[in-house]
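So the structure is just underneath, and the comments pick up after that.
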Amino acid sequence: MTLTEARARAARLGTALAATAAALAAAALYNTLRTRRVEREHPPAGRFVEVDGVRLHYLERGAGPPVVLLHGNVVTAEDWALSGVLDRVAARHRVIAFDRPGYGHSDRPRGSAWTAAEQADLLRRALARLGVERPVVVGHSWGTNAALALALADPAAVRGLVLVSGYYEPTLRADALLVAPAAVPVLGDVLRHTVSPLLGTALLPLVVKGMFAPLPVPERFRAGFPYGMAVRPSQIRAEAQDGATMAHGVATMRERYRELRMPVVIVAGAEDEVVDVGRHAVRLRGEIPQADLRLVPGAGHMVHHAVPGQVSEVIEAVSAWSAGPSRPAVRLAATAG
C-alpha cells in the first residue's frame with residue numbers, strides 16, 4: 001500500500017467515524033426529547049413514597065386487608081389497572097400497586113443490579129413507611145420473583161402469595177440474552193440513549209402481541225398502555241438489568257421454596273408462550289406442599305387480562321384462606337372476567 005492509498009483510507013475511516021458519531025448524537029438528542037414528551041403526556045397517576053433517597057411511585061385504592069400488586073417486565077403498575085384486577089380487589093381491600101424500581105415513575109439509582117432480593121428489601125421498607133402490615137402479595141411475571149424474595153426474607157410479614165405467570169427455575173432465555181448488552185456499563189449507556197429506544201419502538205408491538213398470545217391484545221390495553229414509557233432509556237436499563245439478573249436470582253431462591261408456609265396459589269395461562277408452564281408453574285407446585293395450581297385453558301402470559309374477575313377471586317380466597325384453617329375452592333376458566 002502506498003502512502004497516498006494509506007492517507008485515503010485513513011480519510012475515509014475518519015469520515016465514517018465522524019458520520020457515525022453525528023448519527024449517534026442525533027439519535028441521543030431525539031430520544032431525550034421524546035422521553036420528555038412521553039413523560040409529560042403520562043404524568044404520575046398515584047403517589048410517592050421515599051425510602052433511603054429512592055422514590056417509588058404507587059397506585060392505591062380501597063380499604064380493608066392489604067394487597068400488594070407487583071408488575072412484570074415492560075409494563076408498570078398501570079397494567080393492574082388496565083386488566084381490571086386493581087379496582088376489583090379494591091372493592092374489599094386496601095390495594096397498593098408499585099412501579100418497581102426503574103419502571104414508570106419510580107427511581108432506580110445506579111450502583112446496584114437491583115436483583116429480586118434488593119427490590120424486595122426496598123419494597124418491604126416502603127410498605128413499612130406506608131403502614132402496610134402482612135399483605136397478600138401478588139406478582140405477575142418478573143414480579144413473582146420480587147414477591148417470592150419478599151416472602152422468603154420475612155415470612156411473617158407476608159399473609160399469602162398469588163404468583164401469576166411466573167419464572168421460578170433458572171433456565172436459559174433468549175430474550176434475556178438479547179437485552180443483556182443494554183445492562184452493561186458504558187456500552188449500555190450508549191445503546192440505551194441511541195439505538196435501543198428506536199429498536200424497542202419497532203419491536204414493542206410484536207413483544208406485546210406475544211405476551212397476550214394466543215388471545216388478541218385487548219382494546220383497553222392497546223389504547224391505555226403508554227408504549228413510549230417502556231422504551232425510555234431509564235426503563236430500558238431496568239428491563240435489561242431485570243432480564244440479566246433473573247436466572248441468578250431464581251437460582252438463589254429455588255432451594256428455599258419449601259420453606260414457604262403461608263398460603264400460595266400459582267396461576268398460569270395454559271398456552272403461555274413466554275414462560276414454559278410445565279417447567280415453571282407445575283414444577284413450583286410440586287416444591288411448595290400447601291400450594292394450589294390454577295391453569296387457565298386458552299390463556300397466555302397475560303392471564304390476569306384474560307380472566308381478571310377470577311384472578312381477583314383467587315386473591316380474595318388467599319386472603320380468606322390465610323385468616324382461617326380451611327382452604328378455599330376457587331376455579332379458573334378461560335372466560336372473560
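Observations, loosely collected:
- Hits in segment 269-300 (condition: part of a loop (DSSP other than H, G, I, E, B) and over 24 Å from Pro218 (Cα atoms)): Ile288, Pro289, Gln290, Ala291
- From the list Arg100, Arg108, Arg125, Arg47, the one residue that fits, being of a type outside the set (A, V, I, L, M), free of Cβ contacts under 8 Å to residues at least 24 places away in the same chain and within 29 Å of Arg192 (Cβ to Cβ), is Arg47.
- Residue match in segment 108-116 (condition: assigned to a helix (DSSP H, G or I) and within 24 Å of His248 (Cβ to Cβ)): yes
- Residue list for segment 218-244, restricted to those being farther than 23 Å from Ser83 by Cα, among the polar types (S, T, N, Q) and buried (at least 20 other Cβ atoms within 10 Å of the Cβ): Gln241
- Gly286 meets each of the listed conditions (1) in contact (Cβ under 8 Å) with a residue 12 or more places away in the chain; (2) out of contact with any Gly (no Cβ under 8 Å at 6 or more places or on another chain) apart from (1).
- Of residues in segment 226-248 being over 14 Å from the mean Cα position of the chain (by Cα) and in contact (Cβ under 8 Å) with a residue 40 or more places away in the chain, the one farthest from Arg110 (Cα to Cα): Pro226
- Residue that is surrounded by the fewest Cβ atoms within 10 Å (Cβ to Cβ), among those in segment 248-289 that are closer than 19 Å to Val307 by Cα and not aliphatic (A, V, I, L, M): Glu273
- Pairs where the first residue, in segment 51-73, is under 13 Å from Pro135 (Cα atoms) and the second is among the hydroxyl-bearing types (Ser, Thr, Tyr) and not in a strand (DSSP E or B), C-beta under 6 Å, 6+ apart: Pro65/Ser319
- Residue that is aliphatic (A, V, I, L, M), closer than 24 Å to Gln241 by Cα, at pLDDT below 95 and more than 23 Å from the chain's Cα centre (by Cα), where the choices are Ala28, Ala21, Ala11: Ala28
- Any chance Asp121 is surrounded by fewer than 19 Cβ atoms within 10 Å (Cβ to Cβ) and farther than 28 Å from Arg256 by Cα: no
The values are calculated or read from the model by the stated rules, or taken from the named source; none is laboratory data. On a predicted model such as this, the values are computed, not experimentally measured, just so you know. Positions of Cβ are generated from backbone atoms using ideal geometry, with glycine treated the same way; all protein chains shown enter the neighbour counts.
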